[in-house]
Amino acid sequence: MNGGLMAAWRRLRERTWLALAFDVVVILAVFAVVHAWQARDLPLDEPAPSTILPLLSGGSARAVVPGKPGIVYFFAPWCRICRMSIGNLDELVANGTLAWGRVIALDYGDTAEVRTFVDQLDLSLPVLMGNRQTAEDWSISAFPTYFVVDGEGRIQSRSVGYSTSLGMRARAWMAM
């Protein structure tokens, strides 16, 4: 049995395209399992929490904009992955691919820390100042975490960790 399995494995590895396809499937499966585990406690297919928070720039705003799909993105100013991926959302909204986006700061020391983060990245999105209750309401336990919310205010997708512009765009498109 073991010899037959090894022979089959060698035959698979000798066929370059078949071996490559197998490797890609395994890698995608690993990513899917990790994503499912990371997002296991996040809300899905339910109304987004009704959240109104202070804006970094003053005033207040709702986390979810009704009427069109958009993304609510939670970050921490110390998070390196947030620093690398938050610009993808900013770009999608700036170029009109996505109707709206909100970024919510959590786990920060003070407003100056958040302002420095935002200024360094030259973000144009509204930045809402979250708190422990916000993190509880949205079940946030890691950064970055984002939710795609449809036009009716329901959470259609969620993700934890780095996401490309293409990934965000695809998830938002599916929420339409």
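The values are calculated or read from the model by the stated rules, or taken from the named source; none is laboratory data. Bear in mind the structure is a predicted one, so any value in this text is a computation, not a measurement. When we count neighbours, we look across all protein chains shown, and the Cβ atoms used for this are built from the backbone with ideal geometry, even at glycine.
A few comments on the model shown:
- Yes/no for residue 93 being under 18 Å from residue 162 (Cα atoms) and among the β-branched types (Val, Ile, Thr): yes
- Contacts under 8 angstrom Cβ, first residue in the stretch 51-76 being within 11 Å of residue 153 (Cα to Cα) and part of a loop (DSSP other than H, G, I, E, B), partner of a type in the set (Lys, Arg) and at pLDDT 95 or above, 6 or more apart: 63/102; 64/102; 65/102
- Selected residue (only one of 88, 95 is in the same structural domain as residue 122 (by TED's automatic domain parsing) and either free of Cβ contacts under 8 Å to residues at least 40 places away in the same chain or over 24 Å from residue 151 (Cα atoms) (or both)): 95
- Among residues of the stretch 77-124 being of a type in the set (D, E, K, R) and not in a helix (DSSP H, G or I), the one that is farthest from residue 49 (Cα to Cα) is 122.
- Residue within the stretch 134-144 that is over 18 Å from residue 43 (Cβ atoms) and either under 18 Å from the mean Cα position of the chain (by Cα) or part of a strand (DSSP E or B) (or both) present: no
- Sole residue being surrounded by fewer than 19 Cβ atoms within 10 Å (Cβ to Cβ), in contact (Cβ under 8 Å) with a residue 60 or more places away in the chain and closer than 26 Å to residue 57 by Cα, chosen from 130, 151: 151
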